[in-house]
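Notes follow the structure.
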Amino acid sequence: AFFVTMACKNNTPNEAIEKAVAAYQESSKATGMPSKGKADTLLQAYQSYVDQNPNDAQTPEYLFKMGEIYQFHQQYDKGIATYQTIVDKYPNYEKTPQAMFLMAFAYENYLKDTEKAKQAYEAFLKKYPENQLARDAKFSLDNLGKSPEEVMDMILKKNKTATADSAAAKSKTK
């Protein structure tokens, strides 16, 4: 009887995750923001699955979701560490480049650590120069430490110069 009771009590890791995901989503309906308690429960379910199934194909996806939840709930160091785990242990996972980029983004925008952001963006560009996020990484790298106003002024000046050059080129062809 003890075995039957235990078997009924223990959910499979997937069932535990499904329940935690549903509770997490439900908690955001009233306020538009998922509760921290439900986030912690979901993170624990994901972590349990990851610990028990390190070689499962679903594991890096759960890690990625953990990183997103950590970032959303402003636990940036934990998010970065989770993304680093993906980079280190699951280099062939389809979202590994995105995880690497998000590490750099978090260093730059949330932790305001321009040196680590620079290193992370450079590492991303070295490893994934043709990735769809490479252009964003180059832009961020070129503008590290600049205020949004400085970046906007630079863009406006660049556009103004391009417009003037275009007008001059058109007048020469007439």
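The values are calculated or read from the model by the stated rules, or taken from the named source; none is laboratory data. Quantities reported herein were computed from a predicted structural model and do not represent experimental measurements. Note: ideal-geometry Cβ built from the backbone for every residue, glycine included; neighbour counts use all protein chains shown. Just so you know, the surface numbers come from the protein's heavy atoms only, side chains and all, with ligands and any DNA or RNA stripped out. Shrake-Rupley method; radii C 1.70, N 1.55, O 1.52, S 1.80 Å.
Helix 59-72 and the long axis of the chain differ in direction by around 70°, with both axes built from C-alpha atoms.
What does the charge add up to near residue 133, with Lys and Arg as +1, Asp and Glu as -1, over the other residues with Cβ less than 12 Å from its Cβ?
Values: positive: 95, 127, 135, 138; negative: 130, 136.
Taking every Cβ under 12 Å from that of residue 133, the sum is +2.
With Cα Rg over 2.2 N^0.38 Å as the read-out, I listed [x] 1.67; [y] 1.55; [z] 1.43; which label goes with the value calculated from this structure? The calculated read-out lines up with [z].
Kindly report the accessible area of the chain per residue (heavy atoms of protein chains, probe 1.4 Å, no ligands, DNA or RNA), in Å².
Values: 11520 Å² over 174 residues.
Accessible area per residue, the chain: 66 Å².
In the context of the full protein assembly, residue 108 retains an accessible surface of approximately 40 Å², using a probe radius of 1.4 Å and ignoring ligands and nucleic acids. The solvent-accessible area of residue 69, taken with every protein chain present and a 1.4 Å probe, is close to 10 Å². Within the shell defined by Cβ-Cβ distances under 10 Å, the residues around residue 21 carry a net charge of +1, with Lys and Arg each +1 and Asp and Glu each -1.
Report, in degrees rounded to the nearest 10, the 0 to 90 angle that the Cα long axis of helix 114-127 makes with the longest principal axis of the chain. The two axes meet at around 90 degrees.
The gain in end-to-end length when the residue 40 to residue 94 segment is fully stretched comes to 16.9 nm, 0.36 nm per residue minus the alpha carbon separation.
This model, with +1 at the C-beta of Lys and Arg and -1 at the C-beta of Asp and Glu, gives the chain a dipole about its Cα centre of some 740 debye.
In the chain, the longest principal axis of the Cα atoms and the axis of helix 76-89 are about 80 degrees apart.
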